1. Helix-only mean residue ellipticity at 222 nm, chain A, DSSP H runs n ≥ 4 weighted -39,500 (n - 2.57), per residue, nearest 500. What is it?
2. In a solvent-free Debye calculation with one equal scatterer on each Cα, what is log10 I(q)/I(0) for region A:1-47 at q = 0.23, 0.26, 0.27, 0.28 Å⁻¹, listed in the order of the q values?
3. In peptide A:152-163, what is the residue-averaged number of other protein chain Cβ atoms found within 10 Å of each Cβ?
4. Over all directions, the average projected area of the alpha-carbon convex hull for chain B comes to how many nm²?
5. What percentages make up the Cα-Cα pair-distance distribution of the protein assembly as shown when the bins are 20 Å wide from 0?
6. Give me the net charge for the shell around B:A143: Cβ to Cβ below 14 angstrom, other residues only, Lys and Arg +1, Asp and Glu -1.
7. At a 10 Å Cβ-Cβ cut-off, how would you order A:S173, A:S211, A:S91, fewest neighbours first?
8. Which residues in region B:211-254 place their backbone N less than 14 Å from a point set 7 Å from the Cα of B:D187 along the Cα-to-Cβ direction?
2 protein chains.
Amino acid sequence: MNTWMRLMAPDGGIVFGRVENGYLHEYAGLDQLVPTGAVLPLRTLSPLAPCAPGKVVALWNNFHALAAKLEKPVPTHPLFLLKPAGSVIGSDTPILRPAHYAGKIAFEGELGIVIGKRCSNVSEEEAQSSIFGYTIVNDVTAAGLLTENPHFPQWCRAKGFDTFCCIGPAIVSGFDWRSARVVTRLDGGERQNYPLDDMVFTPAQQVSLISQDLTLEAGDVIACGTSLGVGSIGAGATVEIAIEGIGTLSNILATERAEGVPDTAAQSAA
Amino acid sequence: MNTWMRLMAPDGGIVFGRVENGYLHEYAGLDQLVPTGAVLPLRTLSPLAPCAPGKVVALWNNFHALAAKLEKPVPTHPLFLLKPAGSVIGSDTPILRPAHYAGKIAFEGELGIVIGKRCSNVSEEEAQSSIFGYTIVNDVTAAGLLTENPHFPQWCRAKGFDTFCCIGPAIVSGFDWRSARVVTRLDGGERQNYPLDDMVFTPAQQVSLISQDLTLEAGDVIACGTSLGVGSIGAGATVEIAIEGIGTLSNILATERAEGVPDTAAQSAA
């Protein structure tokens, strides 16, 4: 297993590489795994989301336990929506409530698949070798918007706001997701704790099947869907999502709104 | 009014600029309107989609006539999904049927808004000045997938396949959409002919309202939604969408599938 991060240097430059004993061993990119020779002390760098996806494919209803609770049949093909690149933030960066929205904002702790090379119509075997590694995703959702319009479920809007796709803190390659669990804590209290081997479509199946639909590019992320225990985040609360072997993704819901408006409505709504 | 195109030069380089009398006057980019000094004969260049959007925001139910036909109320906020960057092709490029899908593939002729600069939480006035120009979009849809799963309408999947977002042939700045009509022809027969002034949300309203949800970047495209007359494309048929003042976007549905499989199932299904 190797741990990979993307960080900002003091001069504003972005570096990517392998983390070892407090140092970043810089590489040209996740789709171009050539060491640059630079070895930088992590303490001088500011963490970013560990990749810069062009798109995030987010799955719905991909865990047997959640399907049973929702009383929905398990799907026969991954059911997904797209979250835009602009929704991505890293760990320790605040989630911002949209200025116009006072309703429930939900956390969803998820495993993230990071694509290592372009995939189009790939087999499950090719898909496996196209996965660069795994990360953690908080698939933040303005839950009140999903069904606001009874004629059109607003999946992309409710999940696509700026800052609504938290990814990090690192990507781990060679990670065995089968024995891992996703543990989500809200202000320290455990809210989700589910095993990844309850997934309906495995990561390799997801990459293969989704690649029959649209071309996946290096750095793209698939959020594998969540399971039981999703809940609401109050203003100022911190969501920590941990997967042993990857780390902990931590994000606070800001007490100010996206435009700097104090979030009083949110406090009463949450 | 100026007409802008993006084309490939014989050396594989991509050029963007203003078209006049058979020549391209090259500019640095649509978000950086500085002439490079190069003036290239168009006959030496191959047209591409006129911009390279990071995302395409596609509206549903944005015309009064269509809402009435569907017997749906007019929405109070733009209802949208996202089409990925990889779905974009230019004019005169074939639409490819996904290898696994034998159902109906529909055309939807639409006005496209091309964003000229980053927009986040912009007013309607700011939105207006953030619009670089207008283009034509064929919002191609694998109609049979939309409702294939009764628990999750697959908007992103049905409209997100590679080649399912035809954009072009050009962007026209200073274009007056209010007096224009969208005319769609299938193998020469008129199928859509609707006035753009029947739109529910005007382009400036769309940009302003959507920018409250997610940041729009230069080059992003908003497909304004379609109106009456949407229909199915058979294998080998050509869809031409014309907006007077912009031009004609023309795309054939290939007789082969995405992976080069002969499209026999499609011919019987269409």
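1. -3500 deg cm²/dmol
2. Cα-only, vacuum Debye calculation for region A:1-47: -0.74, -0.94, -1.01, -1.08.
3. Per-residue shielding by partner chains comes out at 6.
4. Working: hull surface 57.5 nm².
Spelled out: convex hull of the Cα atoms, projected over all directions, averaged, 14.4 nm².
5. Taking all Cα pairs of the protein assembly as shown, the binned fractions are 22, 55, 23, 0 percent.
6. +1
7. Ascending number of Cβ neighbours within 10 Å: A:S173, A:S211, A:S91.
8. The answer is B:232-240, B:252-254.
Computed from the coordinates by the stated procedures, all read-outs in this text should not be read as laboratory data. Bear in mind that the values here come from a model prediction, so they are computed numbers and not experimental data. Backbone-built Cβ (ideal geometry, glycine too); neighbour counts: all protein chains shown.
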